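Inspection log for the structure reproduced underneath, given as structure tokens.
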Amino acid sequence: MATKHSVDICVIGGGSGGLSVAVAAAQLGVSVVLVEGGKMGGDCLNYGCVPSKALIAAAKHAHIACDSTAFGITGAAPEVQFDKVHDHVHEVIAAIAPNDSVERFTGLGVVVVEEYGAFRDADTVVAGDHEITARRFVLATGSSPAVPPITGLSRVPYLTNETIFDLTERPEHLIIIGGGPIGIELAQAHCRLGSKVTVLEMFVPLAKDDPELTSVVLDQVAADGVDIRAGVAVRKVSKNGGKIQVDIEKDGETTTLSGSHLLVAAGRKPNIDKLNLEAAGIKYSRRGIEVSRGLKTSNKKVYAIGDIAGGLQFTHMANYHAGLVIRNAIFRLPVRENTNIVPWVTFTDPELAHVGLTEEAARKRLGKVRVLRWPYAENDRAQAERCTEGMIKVITSRRGVILGASIVGLNAGELIQPWVLAVTSGLKIKAMTAIIAPYPTLGEINKRVAYGYYASSLTNPWLGRLIRLLARFG
Ligand SMILES: Cc1cc2nc3c(=O)[nH]c(=O)nc-3n(C[C@H](O)[C@H](O)[C@H](O)COP(=O)(O)OP(=O)(O)OC[C@H]3O[C@@H](n4cnc5c(N)ncnc54)[C@H](O)[C@@H]3O)c2cc1C
């Protein structure tokens, strides 16, 4: 006999977005059923942000131990015990997992159904032997690695983000298909942990970011030893003995690479297959579920959030969506998604962070804009840390409204935060010159770059006349 639930909100997917909706709704006293077929915590905790950042942290330690001669510190190269690195990654996941656990959510009053859910009709979701009707449904089923149609790929063992963090032995030669943020982050981390790494990118690596800044990242990743091949098409994959062979074509010439492991990091596909969306009249495409700017699907009772909604794919994006849905579904407030205020960070060394419009997008939208730059090399703390490769680039309107900012360099992901506030609040550049930045911090770059806006005024002859006039008053 089916267990029937009739609730205010039914959330399908217990990852970043779904958990945020469930916890907020439960704390507001709203009845919630959460349906999760895989692991609580979703991609971010189990196969994405958390394990990748833990691996990157291990790689950073290996790199520092190898490369501290500029500080007068030398010694034998460290031994990387890859099985222990694996354990570290899984200890970090385990430390965070209780926050996302069935026990925690049940304790908050959420009914957790540990099954995959599918619509039976426009008003009912079935999950195992549970039947759920709800005033509102929230789809937060995330995305999975997309596997490109490459000849032979299905016949060789390949890794994705769902399996690579399970390796207990260091890959001797890791070939990565895909030079996006996931591919480049994992390439640098494995290289620093001692693997030979080759990245194959069909177009341009890190193509979504400003090339003036990505070049700093890519130069460092290449200097670490990663072989990044851009503009190459992977034609065929095969197995030869214990090796994986990859045939690549560039400028009409075909060559063959041989590696020990293959990682596919060539984009994402939305997790819609299990949902039976047709039964609920929910429209979707290859990118994901179609949503309005208020995140409603073509079935007005149903929202879609996070990766499944086909936009920017970040944990903080899914959390942002969750906040909008809570406001609309519970408080009946009108909401509109604003993707312009969503920052992102690529966690390479150096880090790459961005918010708002890029220079190219701002010029397209507004024509004339101001572009301000300041290099890390002019920052005293960056000198002390020997991390002078990097820059900040800020785009403002001609009247000084901050439109966007990008930072490449040490701790860029932290340094971008005032610019997130600035873009979100529509601040003018003057606000950044008014702050007092403690000395010596990397944060001083945020103030110094803002001064650039006034640099042309300093050579303005009218300003000189004004200063001389004021001097006459004693
Ligand atoms: C390697 C990697 C590194 C990343 N690093 C970062 C980072 O540093 N910062 C960042 O912001 N983002 C990062 N991301 C992206 C981030 O992980 C995702 O954007 C985020 O997890 C999306 O959240 P979500 O709620 O949409 O989906 P998810 O967190 O994936 O949750 C979806 C859940 O739905 C479940 N599910 C699917 N179908 C059904 C069904 N029919 N019934 C029930 N349950 C179902 C799944 O099992 C899953 O648990 C990274 C991703 C990867 C792959």
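Read-outs throughout are calculated quantities, based only on the coordinates presented, and are distinct from any laboratory measurement. On a predicted model such as this, the values are computed, not experimentally measured, just so you know. Positions of Cβ are backbone-derived with ideal geometry, glycine not excepted, and every protein chain shown enters the neighbour counts.
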- Burial-style ranking of 205-211, 170-176, average other-beta-carbon count within 10 Å with highest first, yields 170-176, 205-211
- Query: Share of antiparallel DSSP beta bridges in the chain, in percent to the nearest 5?
  - Reply: 60
- Nearest-0.05 FRET efficiency for A223 and R472 at R0 = 60 Å, using Cβ-Cβ distance, is 0.55
- FRET E, pair R155, K274, Förster distance 35 Å, beta-carbon r, rounded to 0.05: 0.85
- Given 0.36 nm per residue, what is the gain on full extension from I64 to L333 after removing their alpha carbon distance, in nm? 91.8 nm
- Message: Suppose only helical runs count, i.e. DSSP H with n ≥ 4. What mean residue ellipticity at 222 nm does that imply for the chain under -39500 (n - 2.57) per run, divided by all residues and rounded to the nearest 500 deg cm²/dmol?
- Response: -9000 deg cm²/dmol
- Note on the structure: Within the stretch 33-96, DSSP-loop GluC sites (Glu not before Pro) with at most 14 other C-beta atoms within 10 Å are E79
- Distance from the stretch 226-260 to the stretch 171-207 (C-alpha centre basis), Å: 13
- With eigenvalues of the C-alpha gyration tensor scaled by 5 and rooted, the stretch 310-442, Å: 28, 18, 14
- Query: Given 0.36 nm per residue, what is the gain on full extension from E162 to A146 after removing their alpha carbon distance, in nm?
  - Reply: 4.6 nm
- Message: At a threshold of 8 angstrom on Cα-Cα distance, excluding pairs fewer than six apart, so keeping six or more, what relative contact order does the stretch 9-161 reach in percent?
- Response: 35
- Task: Quick one: what are the phi-derived ³J(HN,Hα) couplings along the stretch 167-183, Karplus 6.51/-1.76/1.60 with θ = phi - 60°, whole Hz, x for glycine and proline?
- Result: 5, 9, 10, 5, x, 5, 9, 9, 9, 10, 8, x, x, x, x, 5, x
- Under 1.5 on a/c is rounded, so check that first for the chain, then, if it is not, pick prolate when a/b is larger than b/c and oblate when it is not; a ≥ b ≥ c are the square roots of the alpha carbon gyration tensor eigenvalues. oblate
- Which whole-Hz ³J(HN,Hα) couplings does the stretch 231-241 yield from phi under the Karplus relation 6.51 cos²θ - 1.76 cosθ + 1.60, θ = phi - 60°, glycine and proline marked x? x, 10, 9, 7, 8, 7, 10, 8, 10, 9, x
- Cleavage-rule hits, chymotrypsin sites (Phe, Trp or Tyr not before Pro), the stretch 388-474, DSSP coil, Cβ neighbours within 10 Å at most 16: F473
- Starting from the stretch 375-453, pick out the trypsin sites (Lys or Arg not before Pro) whose DSSP state is loop and whose Cβ has at most 13 other Cβ atoms within 10 Å. R386, R398, R399
- Message: Roughly how far apart, in whole Å, are the Cα centres of the stretch 357-423 and the stretch 68-143?
- Response: 33
- Message: List the pairs from K60/K196; K4/K296; K53/K447; K208/K296; K53/K274; K368/K393 whose alpha-carbon separation is above 19 Å, in the order I gave them.
- Response: K4/K296; K53/K447; K208/K296; K53/K274
- Query: So what J values fall out for the stretch 131-142 if you push phi through Karplus, 6.51 cos²θ - 1.76 cosθ + 1.60 with θ = phi - 60°, rounded to Hz, Gly and Pro as x?
  - Reply: 10, 10, 10, 8, 5, 9, 10, 10, 8, 9, 8, x
- Query: So what is the relative contact order of the chain, in percent, for Cα pairs below 8 Å that sit 6 or more residues apart?
  - Reply: 14
